[in-house]
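In what follows, a structure is listed as C-alpha cells, so that the remarks can point back to it.
The values are calculated or read from the model by the stated rules, or taken from the named source; none is laboratory data. As the structure is a computational prediction, the values presented were derived from the model and not from experiment. Using ideal geometry, Cβ is built from the backbone for each residue, glycine included, and neighbour counts are taken over all protein chains shown.
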Amino acid sequence: MTALTGSASDRRFYGAFLKDNPRERNLVLLKADLLRALRSFLHDISYCEFPTPVLCRHRESAPIPQFATKHPLTGEGYHLKHSAEEHLRRVVTSLDRVYDLGPAIRAERADGSHAIEFTMLQTAARDLTLTAGMRLVIDLIQHTVRSVFVTAVTRGTDFTTIKVRSVDDAIAEALGTPTAPEGEELVAAARAWLNEQNLPAAVGAWEVMEAFVQHAVEATVTTPTLLHSFPYELRHNSRIDEETGRAQRFSLIAGGVELCDGGVKLRTSAEYRPMVETNMALREELHGIPADSGPLEFYADVDRDPADVFTFGLGVERLLAACVGRTVADVLSFPHH
C-alpha cells in the first residue's frame with residue numbers, strides 16, 4: 001500500500017488538507033465517480049434505490065455488537081445501522097430489486113481494511129440464483145472500475161478477470177489435502193491450522209471457521225477471486241443447496257481483503273429463527289448482550305410472500321482502496337471526524 005500523504009494531525013483539518021494536497025482531493029473525485037457508476041449500473045438493470053434508516057429500534061440478527069444511542073428528548077433507544085440487508089430483505093417482498101448506498105457503522109478495530117463508519121452498497125433481489133447473482137456482481141465491479149478508470153487494470157488491482165472458485169478447493173489447498181474435510185473434521189482441521197500458526201482458535205465452530213477462512217484462505221488471495229459454496233458451518237443466513245450440502249454464499253476477495261459478500265438467503269421466519277437464536281446466544285457469550293425477542297417485524301414481512309432472495313454487500317472504500325493501492329483509512333471522507 002502507498003504511504004499516507006500528510007500526518008494524522010494534518011488530516012484533522014480536512015478541508016485545508018484537501019486544498020493543500022491535490023492528489024488526495026483527486027481521491028474524493030474518484031469516489032464520487034465510483035458512486036455514480038454503481039448507481040448507473042444498478043438503475044440500468046431495474047434496481048430501485050431505497051435508503052434505509054441509520055437509527056434502528058431493534059438489533060440486527062448478526063452475532064455482533066452494535067453502537068447504540070438514545071433520543072436526547074424522549075430517551076428512546078436506537079441501534080446504529082450495521083447493514084441495510086434486513087431492511088431491504090423486508091422491502092423486497094413488494095419491490096423486486098432494491099439497493100441502499102449509504103453509511104454503515106460498525107464496532108470495528110480500525111486498521112488498513114476496517115473502519116468504524118464507511119460507505120456500503122447493499123442490495124436485494126427476488127428470484128435470482130447464486131450463479132446469476134455472482135455474474136451480476138462480476139459485471140457490476142468490472143463496469144464500475146472501467147467507468148471510473150477507463151480500464152480494468154488499475155494501479156492497485158487488475159480487474160480484467162475475476163476468478164470463480166469453490167471454497168472447498170481453497171480450503172483443501174490451505175490444508176494440503178486432496179479434498180476439503182466436512183463437519184466436525186473440518187472444524188478440527190481448521191482449529192489445528194490456527195494453532196500451528198499461533199493464531200487464537202476460539203471455542204465455537206463458527207468463530208474457528210471464520211478465523212480460518214480469513215487467515216488461511218482469504219489472506220492468500222492476490223488476484224480478484226469470487227469464492228462460492230461455503231461449508232455448512234459458514235452458512236450465515238444463506239440457504240443450503242440440497243444437492244451439494246453447501247451454503248449458497250459467495251465472497252469476493254482481492255489482495256487478501258473481502259470486498260463483497262452475499263448469497264441466496266433463507267426464505268421464512270421458521271428458517272431464520274434458529275439462526276437468530278444461535279446468534280443471540282453468541283452475542284451474549286461473546287459480548288455480554290442479553291437475548292431479546294428477536295426481529296419480530298422482520299419475521300412478519302418475510303413471511304408475507306416468501307421467495308428466494310439474493311443479496312450482497314459491497315464496501316465502497318474497500319473497492320476504491322483496492323483500485324488505487326491505498327488503505328481504507330486513506331480514502332475515507334473526514335477520517336478524523
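Worth a mention:
- Residue in the range 240-248 that is at pLDDT 95 or above, touching a strand residue (DSSP E or B) at 6+ places or on another chain (Cβ under 6 Å) and in a helix (DSSP H, G or I) present: no
Okay, residues lined up against (1) under 26 Å from Val328 (Cβ atoms); (2) at pLDDT 95 or above; (3) not β-branched (Val, Ile, Thr):
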{"site": "Arg97", "(1), (2), (3)": "no, yes, yes"}
{"site": "Arg106", "(1), (2), (3)": "yes, no, yes"}
{"site": "Met120", "(1), (2), (3)": "yes, yes, yes"}
{"site": "Ala125", "(1), (2), (3)": "no, yes, yes"}
{"site": "Leu128", "(1), (2), (3)": "no, yes, yes"}
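- Filtered by the rule that a residue be surrounded by fewer than 19 Cβ atoms within 10 Å (Cβ to Cβ) and of a type outside the set (S, T, N, Q), the range 240-254 gives Ile240, Asp241, Glu242, Glu243, Gly245.
- Flag for Pro274 being more than 14 Å from the chain's Cα centre (by Cα) and farther than 24 Å from Val187 by Cβ: no
- The range 284-311 - residue that is among the aromatic types (Phe, Trp, Tyr) and in contact (Cβ under 8 Å) with a residue 40 or more places away in the chain and, of those, farthest from Ala125 (Cα to Cα): Phe298
- Pairs where the first residue, in the range 26-53, is free of Cβ contacts under 8 Å to residues at least 12 places away in the same chain and the second is of a type outside the set (S, T, N, Q) and surrounded by fewer than 16 Cβ atoms within 10 Å (Cβ to Cβ), C-beta under 8 Å, 6+ apart: His43/Glu49
- Helices (runs of 4 or more DSSP H) contained in the range 110-203 and holding at least 2 residues among the hydroxyl-bearing types (Ser, Thr, Tyr): 130-149
- Of all residues in the range 137-163, those that are closer than 30 Å to Leu186 by Cα and touching a helix residue (DSSP H, G or I) at 6+ places or on another chain (Cβ under 7 Å) total 1.
- Candidate set from the range 107-132 (those that are of a type in the set (Gly, Ala, Ser) and closer than 17 Å to Leu42 by Cα); member that is surrounded by the fewest Cβ atoms within 10 Å (Cβ to Cβ): Ala132
- Total residues in the range 311-334, condition hydroxyl-bearing (Ser, Thr, Tyr) and buried (at least 23 other Cβ atoms within 10 Å of the Cβ): 1
- Residue list for the range 77-109, restricted to those being outside any strand (DSSP E or B) and among the acidic types (Asp, Glu): Glu85, Glu86, Asp96, Glu108
- Helices (runs of 4 or more DSSP H) contained entirely in the range 1-76, each with at least 1 residues that are modelled with pLDDT of 90 or more and surrounded by 14 or more Cβ atoms within 10 Å (Cβ to Cβ): 14-20, 22-44
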